[in-house]
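The values are calculated or read from the model by the stated rules, or taken from the named source; none is laboratory data. Keep in mind that this is a model prediction, so the values were computed, not measured. Cβ placement follows ideal geometry from the backbone for every residue including glycine, while neighbour counts extend to all protein chains displayed.
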Amino acid sequence: MIKLFTLCLVSLVATPIIMGQGATTFSSRYSFLTNCGSGLTRKEEREAEKHGTDIPTKCRGLDGYAVNFSYSACSTGISLDRGDESISLGMQSADWKQKKLEWRMANGNPFAVILRVYDYAGSDIGSTDGKITGETLIVKGLKVYEHIDETVNAIGNANANLKARELADAGFHRQ
């Protein structure tokens, strides 16, 4: 009887170690991409303006990441940056109006982002000019999850956001 009790006790203690700590809980948090500063000092901003340099925009993200927007004459480069790590999220038109970035979380920790971007007809000015011809949700993994790199066509797809989340979550388990 004591051996059976000991075996049951060891089994109960070892099961969470062998099986992991239970099912992964997925959720979302959002970074709002409005009312963000430049990340520069006032002096640096004045210097940039004096030299005709476009002033970047820097929004606070999660887990030490910043959502950065760098501008050129007719396009906006979007990236996530943390220390030496930089994840490109793409190029959009200079007047790109997206207002939020979705962070996919696993047990409360961010592992991927989802961002709506637009496809453009393009023109002689550049590839991010002209009429909007499509919408895509890009799904990008953060550090350790770089293998997550998916897109979902959002035009005519009522479940595009759900599909993007499913792709991110499935990528989490492919680590």
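Scanning the range 134-155 for residues that are within 21 Å of Lys99 (Cβ to Cβ) and assigned to a strand (DSSP E or B) yields Gly134, Glu135, Thr136, Leu137, Ile138, Val139, Lys140, Thr151, Val152, Asn153. No other residue among Ser86, Ser70 is over 16 Å from the mean Cα position of the chain (by Cα), part of a strand (DSSP E or B) and modelled with pLDDT of 75 or more apart from Ser70. Applying the criterion of being among the β-branched types (Val, Ile, Thr) and within 13 Å of Ile87 (Cβ to Cβ) to the residues of the range 137-165, the residue that is surrounded by the fewest Cβ atoms within 10 Å (Cβ to Cβ) is Val144.
Exactly one residue out of Lys97, Lys58 is over 20 Å from Ala168 (Cβ atoms), within 19 Å of the chain's Cα centre (by Cα) and part of a loop (DSSP other than H, G, I, E, B), and it is Lys97. Within the range 73-83, the set of residues being farther than 16 Å from Ser38 by Cα, at pLDDT below 90 and surrounded by fewer than 17 Cβ atoms within 10 Å (Cβ to Cβ) comprises Ala73, Cys74. Please find, within the range 1-33, the residue that is nearest to the chain's Cα centre (by Cα) out of those that are surrounded by fewer than 10 Cβ atoms within 10 Å (Cβ to Cβ), part of a loop (DSSP other than H, G, I, E, B) and at pLDDT 50 or above. The extreme case among them is Thr25.
Checking each residue in the range 73-83 for being within 13 Å of the chain's Cα centre (by Cα) and aliphatic (A, V, I, L, M) picks out Ile78, Leu80. Taken as a whole, the condition of being under 19 Å from Gly171 (Cα atoms) and among the acidic types (Asp, Glu) applies to Glu102.
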